[in-house]
Structures are given as C-alpha cells and as structure tokens.
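Taking it in order: structure first as structure tokens, then the write-up.
The values are calculated or read from the model by the stated rules, or taken from the named source; none is laboratory data. Keep in mind that this is a model prediction, so the values were computed, not measured. All Cβ positions, glycine included, derive from the backbone under ideal geometry; neighbour counts span all protein chains shown. For accessibility, only protein heavy atoms count, side chains too; no ligands or nucleic acids. Shrake-Rupley method; radii C 1.70, N 1.55, O 1.52, S 1.80 Å.
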Amino acid sequence: MEALILREEAHCMETRDAVVEIISQTLHVAPAELADDRKLVDLAEDSIALFELLIRFEQALGGHIKYEDIAHIETVGDVIAYANTLPADLLKSAFNRTQNPPL
Amino acid sequence: MSKDPECRVLRNDSERLAARAIVKRAYEAQRYSAGSRIAQYLQGSHAVTFGLIRDEILYGTISVVVDSEQGLPMDTIYADELSPWRSLGEKLAEVVQFAVDHDVYAAAFGTKPTLFGAVPLFAAALSHALAKNIDYLCISINPKHDHFYNMLGFKQIGARKQYESVGAPAIAYALYVPEWDKHGSTKGFFGKEILKHMAV
C-alpha cells in the first residue's frame, strides 16, 4: 500500500515537472514562478502566447486532449490536475517530444 | 442576464476608434509604439475591422486589409517580397491590428476571457478572406510568435526586419487561403474551434 502511494506521488511530481516545463518553455516564464495558483492569462504576454500553449499541449499529447476538457482551464494547477488524469506514460513521452517540437 | 460574446464587423467611427485604443494599449503594454501609419489603410473600402463584443463592451479586435492601389501596410518593409505575387495576379490581403484587452473584459465581467476567447476574431478574418477570394492572407508578425503561425500553416515569405515606426522586429508570413484547412494543426481543437465560429 505504501509503495503504491509513493509511486502515485512520484507520478504526480513527474507530471507537474513536465507540465511546468512546457508552460515555462512556451510562455518564457521561469519554472520557479509557476505556482499552482498562477493564472495562465496573467502569465502569457498576449492571446497568441496562450494559443501557442494550447496547441503545444495538443501536439505533445497527440490529440488525446479535448477542447471541452480544457476550455475552462485557468491556472497552472488546473493544467497539472488535468494532466494527472491522463495515463502516466503519455505525458512522459509528450514531455520528451516537446524538447524538439514539430513544426 | 449577460449575453455571450459576439464577433462582428464594427459599424462606425466610434467603434473603430475604440478598437484602435485596444490595439494602442496592447502595443504600449509591450513597449512598442502603436503609431498611426496603419490608420490610413483602415479607413477605405478595402478594409474591414471586426470586434469582439459582450454586453456592448468591445474588448478585442482584428482587421483585414485587401490589396488595392494603396497597397498593404506591410509594403512599408516587404514590398519586394510581395511584388512577385502581384505580378502573378495573386490576390493578397493582410491581417493587422489583432489585440484582446483582458483587463477591459475583467473590469466589466469580473473574470478574464477564456483561453479560447480570441478564436472568433481569427475565424472572422479567415471567413472574410475566403469570401473575398483571397489567395494569400499575409501578416507581419513579431518573431516571438513564429512557432504559432507555423503551426497554423502560415509560411515565412520575408526575412526578419525592423518596423521603425513601431520599434519592433517583424517577419512576414502568409497563409494560402484556399487550402487553409489542409494543414495538420488545423485538424486539432484549435482548427475545430475556428471552423465552429466560421459556421456562425
């Protein structure tokens, strides 16, 4: 039981790191500034930056996310919570892909 | 009860002036000069300005200028790049003055627009280009946004230059309008959202 909890916690930490990395790269904000309660609209310099973030997540996750699921996401924590509902290996491989985002 | 946001053509000088104020604030927030060089292109019959409006509060805008004898705003620094296309008879238009004022929206409605709040403006510009049988929808972008426009299927048509009047760098991009929906990224939720708003 304890091992299972520890594995779950490790997965959540990995997910958080991956999400923060994508947001940090796209919005050019240091990871240390991406607290869970920070609103994406406040972090983004403009609407284009927000669009780019959404499309990067979509590309990274290979179409596994739906508009309805993310349309009302507001904060960094919301993105992390949503990502935690996805299979662990999906976000991990997504994170690797964003190192060289496809054009 | 508050209405849903609507995106429509701005009808009079008062509305267009409010749109220009939004653009000016957006430019100044990024320490650029909004300038006035584009205003002359927006006053003629070849231009249309769209607004994003909720409960009569204008909080977003985009304009499309169709090529004419007056030329396009981006001719200022990209005339040589556009010239071959004009020689071939391609019909050009330029997207300009895109801005969304999150603070105006927040002050009126107590919350900022949703992440996709500005999509209807893109849909309106694209619908207008299709309706006018435009071949290439051009745009002069800030280089920091190049990844986004690449993802939407825009192709770079001009090297990085400096807009002296704005005090900002620029790169020229263009979208081949008749095949705008053939690009892979438009199959995703962003493209679907644009299609949804184009259908309205």
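Observations
- The listed residue being touching a Lys or Arg at 6+ places or on another chain (Cβ under 9 Å) and hydrophobic (A, V, I, L, M, F, W, C), out of B:189, B:154: B:189
- Here is the figure for the range B:136-161: residues that are touching a helix residue (DSSP H, G or I) at 6+ places or on another chain (Cβ under 9 Å), surrounded by fewer than 18 Cβ atoms within 10 Å (Cβ to Cβ) and touching a residue at least 24 places away in the same chain (Cβ under 8 Å) total 2.
- Count of the range A:71-90 residues which are open to solvent by 10 Å² or more (accessible area, probe 1.4 Å) and modelled with pLDDT under 75: 4
- Across the range B:100-121, the qualifying residues are those that are hydrophobic (A, V, I, L, M, F, W, C) and in contact with a helix residue (DSSP H, G or I) (Cβ under 6 Å, 6 or more places away or on another chain), and the one among them that is farthest from the other protein chains (Cβ to nearest Cβ) is B:119.
- Condition met for residue B:168 (of a type in the set (A, V, I, L, M) and at pLDDT below 90): yes
- In the set (1) of a type outside the set (A, V, I, L, M); (2) within 9 Å of chain A (Cβ to nearest Cβ); (3) open to solvent by 20 Å² or more (accessible area, probe 1.4 Å); (4) under 23 Å from residue B:195 (Cβ atoms), the condition left unmet by residue B:91 is number (2).
- Selection over the range A:46-66 of residues that are surrounded by 16 or more Cβ atoms within 10 Å (Cβ to Cβ) and either modelled with pLDDT of 90 or more or not small (Gly, Ala, Ser) (or both) gives a count of 14.
- Taking the criterion of being surrounded by fewer than 22 Cβ atoms within 10 Å (Cβ to Cβ) and either part of a loop (DSSP other than H, G, I, E, B) or free of Cβ contacts under 8 Å to residues at least 60 places away in the same chain (or both), the only residue of the range B:117-129 that qualifies is B:117.
- Check on residue A:23, buried (at least 16 other Cβ atoms within 10 Å of the Cβ), modelled with pLDDT of 90 or more and not acidic (Asp, Glu): yes
Residues are listed down the side, and each one gets a yes or a no for (1) assigned to a helix (DSSP H, G or I); (2) within 22 Å of residue B:124 (Cβ to Cβ); (3) more than 9 Å from chain A (Cβ to nearest Cβ); (4) at pLDDT 80 or above:
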{"site": "B:138", "(1), (2), (3), (4)": "no, yes, yes, yes"}
{"site": "B:146", "(1), (2), (3), (4)": "yes, no, yes, yes"}
{"site": "B:153", "(1), (2), (3), (4)": "no, yes, yes, yes"}
{"site": "B:160", "(1), (2), (3), (4)": "no, no, yes, yes"}
{"site": "B:179", "(1), (2), (3), (4)": "yes, yes, yes, yes"}
{"site": "B:197", "(1), (2), (3), (4)": "yes, yes, yes, yes"}
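- Once the range A:32-79 is narrowed to residues that are in a loop (DSSP other than H, G, I, E, B) and of a type in the set (Asp, Glu), the residue that is farthest from the other protein chains (Cβ to nearest Cβ) is A:36.
- Number of positions in the range A:40-62 that are farther than 15 Å from residue B:149 by Cβ and under 13 Å from the mean Cα position of the chain (by Cα): 5
- Among all positions in the range B:95-106, there is no residue which is among the small types (Gly, Ala, Ser) and assigned to a loop (DSSP other than H, G, I, E, B).
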